[in-house]
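The values are calculated or read from the model by the stated rules, or taken from the named source; none is laboratory data. No experiment lies behind these values; they were computed from the predicted model shown. No Cβ is skipped: glycine too gets one built from the backbone with ideal geometry, and neighbour counts run over all protein chains shown. Each accessible area value is taken on the protein alone, full model and side chains, heavy atoms only, with ligands, DNA and RNA left out. Shrake-Rupley method; radii C 1.70, N 1.55, O 1.52, S 1.80 Å.
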Amino acid sequence: MTDNVVLKRELKALLKVRKAIMLSHNYQRDEVQEAADVTGDSLALSQAAAMDAKSDVIVFCGVRFMAESAAILSPQKTVILPRMDAGCPMADMITPEDLIKEKEKRPGVPVVAYVNTSAAVKALSDICCTSANAAAVVNSLSSDRVYMIPDKNLSHFVSLSTKKKMEWWEGHCPTHERLKPSEVVKAKGDNPGAVFVCHPECSPEVIKLADHVCSTSGMYKFAKTTQAKTVIVGTEMGILYKLKKENPDKNFILPSKSLICPNMKLTTLEDVIESLKDMKNVVRVDDAVRVKAKEALDKMLRVPRDY
Ligand code: 13P
Ligand code: SF4
C-alpha cells in the first residue's frame, strides 16, 4: 500500500471521529485536493462553510484568510488551519490602519474588500467579493463611486465592466504578477489553436491576451465547454490536478514555471492529520471583529456568482 493510501485512510477515520469536514482550495497539493470533502474557489468554500450543517469541525486546507472567513461565517464550529504559517502576501499588503486612512479621504464611498484580506480589514469594509463575483458585487451597490481593496489587478479588471467610478489600493498577488505577457505570447506561438484563460489577479497586460478571465472554479467550467483541445492556463499550478482529471482528452499548459504559490503548497496530508489528532491550529476571530466582518461576507453571499 502506498504512503498516501495509508495516510488517506487514517485521515478519513479521524474526520469521522471529529465530525469534521475537510475543505480544500483549488491550489492545494494534488493529494490534499483528492482527500477533501469539498474543493473549490474562495466563493464556493465560503458557501460550503456557511451552509454546512452536519459537522462540528472545519479543517480548512488553504491560506489564513480563507480559514478566517470560515470561522466568521460558522462561529459555532471549530475551524482548523493545518498550517498556521500559510498566509497570503496580498492580504498582508493592507492593514486596518491603512484602510481607515483611505476611508477618511473618501467619506461615504463604499469599500469592497476582496476576500483576500484579514478579518480586521473585512470588518471595516461594506461588502466582500471574490474573483467569481467581483463585478456583480460592485454593480450591486447603489453608490456610483467604489473603493476596492487590496488587489490593483482585480480592481482594474472590474473597472472595465462597470460604469462606476472606481479607485483602489495598489496591492497584488506575487504569484500572478510573475506571469509575463511575453511568456503567454510564446505559449500561444508554440501551441497554435490553443485558448488562453487567466485569473483576474494577473496584470492588465496579461489579461489583454486572454480569451477568458475568471475565478479558479470558472476555469473548470471553461475547460469543459471550450472547443479548443489545448488550454493555456494563467493561474497557480494546483489548478491542473482537477483540470486534467475532468478533461482527459484536452491538454493544459502553464505558460510559466513560476506559477506556484508557496503558501498554498505548505499543507501536507500529515499536517491535516496532526492538527485533527491534537485539535490544534484553531483559527479564532474576536467577536467585535467577527460580527462586522460577517456582515460584509453575508452581503456578498447574497449576490449571485458572475464568474
Ligand atoms: P479564487 O477565489 O479564484 O479561487 O482565488 C483565490 C486566490 O487566492 C487566487 O490567488
Ligand atoms: Fe494569495 Fe496569490 Fe497565493 Fe492566492 S495565489 S493565496 S492571492 S499569494
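A compact table of results
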{"read-out": "One residue from 149, 207 being among the hydrophobic types (A, V, I, L, M, F, W, C), within 16 Å of ligand 1 (Cβ to nearest atom) and closer than 21 Å to residue 122 by Cα", "value": "149"}
{"read-out": "Contacts under 6 angstrom Cβ, first residue in region 234-252 being within 16 Å of ligand 2 (Cβ to nearest atom), partner modelled with pLDDT under 95 and open to solvent by less than 70 Å² (accessible area, probe 1.4 Å), 6 or more apart", "value": "239/216"}
{"read-out": "Residues of region 201-253 satisfying the condition of being assigned to a strand (DSSP E or B) and under 19 Å from residue 114 (Cβ atoms)", "value": "213, 234"}
{"read-out": "Test: residue in region 33-48 that is more than 23 Å from residue 131 (Cβ to Cβ) and in a helix (DSSP H, G or I)", "value": "yes"}
{"read-out": "Residue identified as open to solvent by 10 Å² or more (accessible area, probe 1.4 Å) and assigned to a helix (DSSP H, G or I) among 155, 125, 182", "value": "182"}
{"read-out": "Residue list for region 272-305, restricted to those being farther than 14 Å from residue 73 by Cβ, out of contact with any Ser or Thr (no Cβ under 8 Å at 6 or more places or on another chain) and crowded, with 19+ Cβ neighbours inside 10 Å", "value": "272, 273, 275, 276"}
{"read-out": "Matching residues in region 96-122 - criterion: being more than 26 Å from residue 303 (Cα to Cα) and open to solvent by less than 50 Å² (accessible area, probe 1.4 Å)", "value": "98"}
{"read-out": "Exclusive hit being in contact with a Leu (Cβ under 9 Å, 6 or more places away or on another chain), over 25 Å from residue 29 (Cβ atoms) and acidic (Asp, Glu), set 85, 144, 126, 98", "value": "126"}
{"read-out": "Residues of region 1-39 satisfying the condition of being surrounded by fewer than 22 Cβ atoms within 10 Å (Cβ to Cβ) and within 16 Å of ligand 2 (Cβ to nearest atom)", "value": "29, 33"}
{"read-out": "Pairs with Cβ under 9 Å, 6+ apart, first in region 254-267 and farther than 17 Å from residue 201 by Cα, second among the hydroxyl-bearing types (Ser, Thr, Tyr) and more than 8 Å from ligand 2 (Cβ to nearest atom)", "value": "267/24"}
{"read-out": "Matching residues in region 226-246 - criterion: being over 22 Å from the mean Cα position of the chain (by Cα) and either surrounded by 14 or more Cβ atoms within 10 Å (Cβ to Cβ) or among the β-branched types (Val, Ile, Thr) (or both)", "value": "226, 228, 230"}
